[in-house]
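Participant: The structure is given below, and queries will be raised subsequently.
The values are calculated or read from the model by the stated rules, or taken from the named source; none is laboratory data. In this text, all values refer to a predicted model and were calculated from it rather than measured experimentally. So basically every Cβ, Gly included, is an ideal-geometry build from the backbone, and we count neighbours across all protein chains shown. These accessible areas exclude ligands, DNA and RNA; they are computed on the full protein's heavy atoms, side chains included. Shrake-Rupley method; radii C 1.70, N 1.55, O 1.52, S 1.80 Å.
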Amino acid sequence: MKEFFIKIKIADRTYSLKIKPEDEEILRQAAKAIENKLKLRQEQMRINDKQDLLAMVAFDAEVEKLKEQKANEHINKSIDTINNQLNNMLDEF
């Protein structure tokens, strides 16, 4: 499908993005989630500076991503261990 432009507002600024139609919903959800996180951080920290709020939201997102990566690594190691055990059991037959 053909790409088109949408406007996304984050931290009182509007951004025009050229997107694929199938990406529109997720991009709008992402923008809304960022706006919600900005509002929450603003209430928690009582900070009005948009750059500080954006920095904290970006920091939170990176921490969350790294935690998920670590959890995924643990899951993948567990899966590898189980696969190795199954392969060893099959090799014995």
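Participant: Heavy atoms of the protein only, probe of 1.4 Å, neighbouring chains included. What is the accessible area of Met45 in Å², nearest 10?
Facilitator: Surface open to solvent at Met45 totals about 70 Å².
Participant: On a 0 to 90° scale, report how tilted helix 50-92 is relative to the longest principal axis of the chain, with both axes built from alpha carbons and the result rounded to the nearest 10.
Facilitator: 10 degrees
Participant: Specify which residue in the list Ala11, His74, Ala30 is farthest towards the positive end of the charge dipole of the stretch 6-88, using unit charges on the beta carbon of Lys, Arg (+1) and Asp, Glu (-1), about the Cα centre.
Facilitator: Farthest along the dipole direction, towards plus: Ala11.
Participant: How high is the relative contact order of the chain, given as a whole-number percent (alpha carbon pairs under 8 Å, six or more residues apart)?
Facilitator: So the answer I get is 17 percent.
Participant: Name the most mobile residue of Ala61, Ala30, Ala71, meaning the one with the largest mean-square fluctuation, in a Gaussian network model of the chain with Cα contacts below 10 Å.
Facilitator: Fluctuation is largest for Ala71.
Participant: Heavy atoms of the protein only, probe of 1.4 Å, neighbouring chains included. What is the accessible area of Asp91 in Å², nearest 10?
Facilitator: 120 Å²
Participant: Quick one: putting +1 on the C-beta of Lys and Arg, -1 on the C-beta of Asp and Glu, what dipole do you get for the chain around its Cα centre, in Debye to the nearest 20?
Facilitator: The dipole of the chain has a size of about 700 debye.
Participant: From the gyration tensor of the Cα coordinates in the stretch 35-93, what semi-axes in whole Å does the equivalent ellipsoid have, largest first, with each one equal to sqrt(5λ)?
Facilitator: 46, 8, 6
Participant: Check the straight Cα-Cα distances from Lys37 and name the lysines below 28 Å, setting aside those fewer than 8 residues away within the same chain.
Facilitator: Result set, ordered by chain and number: Lys7, Lys9, Lys18, Lys20, Lys50, Lys65, Lys67, Lys70.
Participant: Separate question: Taking only Cα atoms, what is the 0 to 90° angle, nearest 10, from helix 24-45's long axis to the longest principal axis of the chain?
Facilitator: For 24-45 against the chain, the angle is about 70 degrees.
Participant: Could I get the Rg over Rh figure for the stretch 1-48? Both from C-alpha atoms, Rh via Kirkwood, rounded to two places.
Facilitator: Ratio of gyration radius to Kirkwood radius: 1.11.
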